[in-house]
1. Condition first: within 17 Å of the chain's Cα centre (by Cα), among the acidic types (Asp, Glu) and modelled with pLDDT under 95. Can you find one or more residues in region 94-108 that meet it?
2. Do you know which residues across region 87-124 are surrounded by 14 or more Cβ atoms within 10 Å (Cβ to Cβ) and outside any helix (DSSP H, G or I)?
3. Given (1) part of a loop (DSSP other than H, G, I, E, B); (2) modelled with pLDDT under 95; (3) of a type in the set (A, V, I, L, M), identify the lone condition not met by Ile127.
4. What about Gly32, is it without any contact (Cβ under 8 Å) to a residue 24 or more places away in the chain and either under 14 Å from Arg151 (Cα atoms) or surrounded by 15 or more Cβ atoms within 10 Å (Cβ to Cβ) (or both)?
5. Could you count how many residues in region 45-58 are over 19 Å from Ala141 (Cα atoms) and either touching a residue at least 24 places away in the same chain (Cβ under 8 Å) or in a loop (DSSP other than H, G, I, E, B) (or both)?
6. Is it the case, given these coordinates, that Arg151 is crowded, with 16+ Cβ neighbours inside 10 Å, in a helix (DSSP H, G or I) and touching a Cys at 6+ places or on another chain (Cβ under 8 Å)?
7. Across region 6-23, what is the total count of residues that are over 22 Å from the mean Cα position of the chain (by Cα) and within 13 Å of Val161 (Cα to Cα)?
8. Consider Ala136 against the criteria (1) assigned to a helix (DSSP H, G or I); (2) loosely packed, with under 15 Cβ neighbours inside 10 Å; (3) at pLDDT 90 or above: it satisfies all of them except one. Which criterion is unmet?
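The values are calculated or read from the model by the stated rules, or taken from the named source; none is laboratory data. Keep in mind it's a predicted model, so treat the numbers as computed, not measured. With ideal geometry, Cβ positions are generated from the backbone for all residues, glycine too; neighbour counts draw on all protein chains shown.
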Amino acid sequence: METFNVLPDGDLAEQLLACLAAPAWGAAIIAGRPYADVAGIVAGADAAARALSWADVLAGLGAHPRIGERAAGASREAAWSRAEQSAAAQSADELTKAALIDANRAYEERFGHVFLIFASGRSQGEILEAARGRLANDETAERAIVQDELRKIALLRLERVLDAL
């Protein structure tokens, strides 16, 4: 807890960008210091994620690979993405993988950004079903879902940062 509160702003901002590549989110968390406990940090991070503009959400989406694709690079963010999708990737057959590629393409054509889902603990079949179902959403409903999925991913990653401090 103490480390989180006293870490230089730039160092903490870098850690937070690995959780969610929207600088406004990290800035809001940093501005809320000092926190009394971990629950306060998580509550502040949750509120900051819910308050993001759509432009901030799009910035955050830019750091996420297509679901089912392996994140490239050696960054912490890429490693987390690979881990979050690993169970789903192992559970998929070739037909499901191909269908997910098609669903990703249809989703991107419909909404103009990658399909994002909190993949931890889900099979590729479940992810495919969600992607297909979300194609029926209107823009407003889908934006709310995307922001919430991004929030859940960011909070999971923030837990990892807090555990490492």
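1. no
2. Scanning region 87-124 gives Ser91, Ala92, His113, Val114, Phe115, Leu116, Ile117, Phe118, Ala119, Ser120, Arg122, Ser123.
3. Unmet condition: (1).
4. Values: without any contact (Cβ under 8 Å) to a residue 24 or more places away in the chain: yes; either under 14 Å from Arg151 (Cα atoms) or surrounded by 15 or more Cβ atoms within 10 Å (Cβ to Cβ) (or both): yes.
Yes: the conditions hold for Gly32.
5. 3
6. Details: crowded, with 16+ Cβ neighbours inside 10 Å: yes; in a helix (DSSP H, G or I): yes; touching a Cys at 6+ places or on another chain (Cβ under 8 Å): no.
No.
7. Of the residues in region 6-23, 1 are over 22 Å from the mean Cα position of the chain (by Cα) and within 13 Å of Val161 (Cα to Cα).
8. Here Ala136 meets the rest and fails (1).
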